[in-house]
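Working notes for the structure below.
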Amino acid sequence: MAGTVCALSVVALATGSYWLLLVLAYGFIARVLTGPSLSPLGRLATSVVAPRLGPPKLVPGPPKRFAQAIGAVLTSVGAIFALAGHDHTVAGALLGAMIAASALESIFGLCIGCRLFSGLMRAGLIQQSVCAECADLALGGRQG
């Protein structure tokens, strides 16, 4: 799914089709609230793309939801600036951040939001009880 987010973000930035931020924002918000069930991109990723890429790489839900919430904020704010405020500079910068983060995840499997979640847990800003599976990250466990 990160590859699709990256591609849509590149298209939006390259063509000035900032309405695509609404598509991305909806997908992120739907995944935060319900998981992939109401997100067209989430359903495509889990039902079509992922099965073709091999065995699933399961990661704890809370860090992924946290990362998706960051995506929801970035794309929603970008859409507001581009479509309501006609400020394409801010929208472009936010799309650049989306491109960088989604490219890192799709190419290298590095989820920036998940890493931030892990760091916030280590700092004690997120209780370890929020994600018991994540607690081993402090002990060197791997997270997507």
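Just so it is clear, none of the values below were taken in a lab; they were calculated from the coordinates. From a predicted model like this one, the values you see are computed outputs, not experimental measurements. Cβ: placed from backbone, ideal geometry, glycine included. Neighbour counts: every protein chain shown.
Here is how the numbers come out for the structure above:
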read-out	value
Difference of contour (0.36 nm per residue) and Cα-Cα distance, residue 112 to residue 17	31.7 nm
Under the Karplus curve 6.51 cos²θ - 1.76 cosθ + 1.60, θ = phi - 60°, whole-Hz ³J(HN,Hα) for the range 112-129, x wherever Gly or Pro sits	4, x, 5, 5, 5, 4, 4, x, 5, 5, 4, 7, x, 7, 10, 5, 5, 5
For residue 110, residues with placed amide H under 5 Å, excluding near neighbours	105
Under 15 Å, Cβ to Cβ, from residue 72 - net charge with Lys/Arg +1 and Asp/Glu -1	+3
